[in-house]
Amino acid sequence: MAHDNITDAGDVLIVGAGLAGLFTALKLAPRPCTVLAGAPIGAGASSAWAQGGIAAAVTEGDTAEDHAADTVAAGAGLVDEDVALSMAREARERIEDLLRLGVPFDRDLEGKLKAGREAAHGCNRIVHVRGDQAGKAIMEALVAAVRATPSIRVIEGFSAYELAVEQGRVAGVFARPANTNAARTPLLIKARSVVLASGGAGQLFAVTTNPREARGEGLAMAARAGAMIADPEFVQFHPTAIAADRDPAPLVTEALRGEGAILLNDRGERFMQALHKEAELAPRDVVARAIFRELAAGRKVLLDASKAVGNKFPDAFPTVYQSCVALGIDPTKDGIPVAPAAHYHMGGIMVDMAGRSTLPGLWACGEVAATGAHGANRLASNSLLEAVVYAARIAADIDATMPASDTGSAHHIAPPALGRGDAVAAPMMDELRRLMTRHVGVERNEEGLALALAGIERLERAAGPASLFRNVATAAKIVTAAAYAREESRGGHWRSDFPEPRIPCRHRSFITLKEAERIAEAAVSAAGIHADTNKQAGDAVS
């Protein structure tokens, strides 16, 4: 497809080609829409890597109310209960949508949907595909459906880096070729409505299960345009990624623990039983901290599924099995070495029940959005459910509210400056990731967070205002500033200097980029870190 400097996406531009973006496009049909994807659709999306499945009350005896109650309990006091209940009530309908699209969810001998158990769920309610292949199977079905839908245009190989805003309304995005260092004239893609479905921010950390594209850039784009951000300090670290020199780290699905796999340290001690009544099926933040502390004490941690799964492993959990074999591990007999890894961002662009952001013309869904469904700690397998529920809501809202008018004068917007090297420099990205892992990871404290903020500022200055690194730095700054401001421990946010939840802090966080910059400046000043050199911050990550 040939591109000049301006193209018109028509009614709707969807930025991102994961589950949330593609499902939105399909739900909009036959309304014309354009999907913008940096990689071929289906590739580069965390959705395709999801091993757990989708949470839904589809089995006898389970209810949406029970599902919502488990969601609220896992969220450590910050879940919007109306959001949780409405999402749980829509779950069955969205599962039916996916079945119609050809997703082969596992069934029992009677042909009914088969549901498994995962951490913090009160019963079996996770629908899987062949054990650990739900994400892959769902994405394959959606990609096929999108390719077969005439109303959906796909632009591949371009990444958005700036929202185009005119007269207070989002009117499109500026994009550039993905995966290139060549300087190019920005491409302005106009649209009457923009849906950000750009994914999460796991790649802000050195150890993550997320693909390279998950760098928080969608959140940053919205924040720099003035959008309100919610709950950014809450990052979920999956307890069990394979501890190996791989980036991203291979995930070991929680469903294995649901089947009875246990965690052992290298002394052979099953340490989770003493820490939580649910042991290995405790909420993810509890398990992640427990493993983190074992590792910090110099002990290795192994996930042992040899008795619970044994020889069934290759068929029951083929994705994990193949990852293990590639690393020389036989999980049918041996324990799998595991460590926590940045996995899911509970925070994001604040949206309402219809998926609308605080910027007119901008909707958001999937991991880039903060709906209030996850609170401080996402309940297992609620993320794919949230993505399809809000994608459907956004499509309905756009259909109901789209005015009958042309795109407008967005073509008059001046493109933002773009540096000669328009890809994020690898050394700078590596340093940021080490900084975030060390100071904004599983355990945090005031001193470390201030060092992180100083280091982010130093890297931001070194990159310059026209660098694409600014989106990554902006996302990191917002996460870190919110973590600095929340002086308590709750869910995925744990402060060693404030190790307990505090009643005055039992509320969601809402923050703008300007507020994050104010917090960062005050934190660096209070810590006595010299902004010119930030030597302390540099030493901390060397």
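The values are calculated or read from the model by the stated rules, or taken from the named source; none is laboratory data. Bear in mind the structure is a predicted one, so any value in this text is a computation, not a measurement. Note that each Cβ is placed from the backbone with ideal geometry, even for glycine, and that neighbours are counted across all protein chains shown.
Could you say which residue among ARG117, ARG130, ARG89 is touching a helix residue (DSSP H, G or I) at 6+ places or on another chain (Cβ under 8 Å), under 15 Å from LEU385 (Cβ atoms) and not small (Gly, Ala, Ser)?
Just a single option satisfies the conditions, and that option is ARG89.
Can you tell me which residue within the range 354-371, out of those that are assigned to a loop (DSSP other than H, G, I, E, B) and out of contact with any Lys or Arg (no Cβ under 7 Å at 6 or more places or on another chain), is farthest from ASP231 (Cα to Cα)?
LEU359
From ARG89, ARG153, grab the single residue that is of a type in the set (Lys, Arg), surrounded by fewer than 24 Cβ atoms within 10 Å (Cβ to Cβ), over 20 Å from the mean Cα position of the chain (by Cα) and outside any strand (DSSP E or B).
ARG89
Can you tell which of ALA452, ALA410 is surrounded by 17 or more Cβ atoms within 10 Å (Cβ to Cβ) and at pLDDT 95 or above?
Being surrounded by 17 or more Cβ atoms within 10 Å (Cβ to Cβ) and at pLDDT 95 or above holds for just one of ALA452, ALA410, which is ALA452.
For the range 116-150: of the residues being assigned to a loop (DSSP other than H, G, I, E, B) and among the charged types (D, E, K, R), which is surrounded by the most Cβ atoms within 10 Å (Cβ to Cβ)?
It comes out as ARG125.
What are the residues in the range 218-277 that are in a helix (DSSP H, G or I) and within 23 Å of ALA20 (Cα to Cα), if any?
The initial filter retains those residues of the range 218-277 that are in a helix (DSSP H, G or I), namely 218-224, 255-258, 271-274.
GLY218, LEU219, ALA220, MET221, ALA222, ALA223, ARG224, ALA255 - these are the residues of the range 218-277 that are in a helix (DSSP H, G or I) and within 23 Å of ALA20 (Cα to Cα).
Examine the range 193-200 for a residue that is assigned to a helix (DSSP H, G or I) and either within 30 Å of ALA73 (Cα to Cα) or among the hydrophobic types (A, V, I, L, M, F, W, C) (or both), and state whether such a residue exists.
There is no residue in the range 193-200 that is assigned to a helix (DSSP H, G or I) and either within 30 Å of ALA73 (Cα to Cα) or among the hydrophobic types (A, V, I, L, M, F, W, C) (or both).
Mind checking which residues of the range 305-325 are exposed (fewer than 14 other Cβ atoms within 10 Å of the Cβ) and in contact (Cβ under 8 Å) with a residue 24 or more places away in the chain?
LYS307, ASP315
Among the β-branched types (Val, Ile, Thr), more than 16 Å from the chain's Cα centre (by Cα) and surrounded by fewer than 24 Cβ atoms within 10 Å (Cβ to Cβ): does that describe ILE262?
yes
When you scan the range 156-172, do you find a residue that is without any contact (Cβ under 8 Å) to a residue 60 or more places away in the chain and either in the same structural domain as ALA387 (by TED's automatic domain parsing) or in a loop (DSSP other than H, G, I, E, B) (or both), even just one?
The initial filter retains those residues of the range 156-172 that are without any contact (Cβ under 8 Å) to a residue 60 or more places away in the chain, namely 167.
Those left that are additionally either in the same structural domain as ALA387 (by TED's automatic domain parsing) or in a loop (DSSP other than H, G, I, E, B) (or both): 167.
Yes, because at least one residue in the range 156-172 is without any contact (Cβ under 8 Å) to a residue 60 or more places away in the chain and either in the same structural domain as ALA387 (by TED's automatic domain parsing) or in a loop (DSSP other than H, G, I, E, B) (or both).
Would you mention how many residues in the range 291-301 are surrounded by fewer than 19 Cβ atoms within 10 Å (Cβ to Cβ), within 28 Å of the chain's Cα centre (by Cα) and not in a helix (DSSP H, G or I)?
Kept after step one, since they are surrounded by fewer than 19 Cβ atoms within 10 Å (Cβ to Cβ), are these residues of the range 291-301: 293, 295-300.
The next check asks that each one be within 28 Å of the chain's Cα centre (by Cα); those that pass are 293, 295-296, 300.
Those left that are additionally not in a helix (DSSP H, G or I): 300.
Residues that pass the stated criteria total 1.
Which of the residues spanning the range 16-34 are part of a loop (DSSP other than H, G, I, E, B) and either buried (at least 24 other Cβ atoms within 10 Å of the Cβ) or aromatic (Phe, Trp, Tyr) (or both)?
GLY16, ALA17, GLY18
Return the pairs, sorted by first residue and then second, in which the second residue is of a type in the set (S, T, N, Q) and assigned to a loop (DSSP other than H, G, I, E, B), the first residue lies in the range 417-446 and is at pLDDT 95 or above, the beta carbons are less than 6 Å apart, and the residues are 6+ apart or on different chains.
GLU443/SER496; ASN445/SER496
Take ASP82 and tell me if it is crowded, with 16+ Cβ neighbours inside 10 Å and among the acidic types (Asp, Glu).
no
Please state which one of VAL72, VAL15 is in the same structural domain as ALA191 (by TED's automatic domain parsing), over 17 Å from ASN382 (Cβ atoms) and modelled with pLDDT of 95 or more.
Numbers: VAL72 fails: over 17 Å from ASN382 (Cβ atoms).
The unique qualifying residue is VAL15.
(1) surrounded by 17 or more Cβ atoms within 10 Å (Cβ to Cβ); (2) at pLDDT 95 or above; (3) assigned by TED's automatic domain parsing to the domain that holds MET221: which one isn't true of ASN377, the others all being true?
(2)
Can you pull out every residue in the range 97-115 that is assigned to a strand (DSSP E or B) and surrounded by 15 or more Cβ atoms within 10 Å (Cβ to Cβ)? Lay out the reasoning, then the answer.
Keep residues of the range 97-115 that are assigned to a strand (DSSP E or B), which gives 107, 113, 115.
The answer is LEU113, ALA115.
Hey, does the range 32-48 have a residue that's closer than 24 Å to GLY492 by Cα and free of Cβ contacts under 8 Å to residues at least 40 places away in the same chain?
Taking every residue of the range 32-48 in turn, none turns out to be closer than 24 Å to GLY492 by Cα and free of Cβ contacts under 8 Å to residues at least 40 places away in the same chain.
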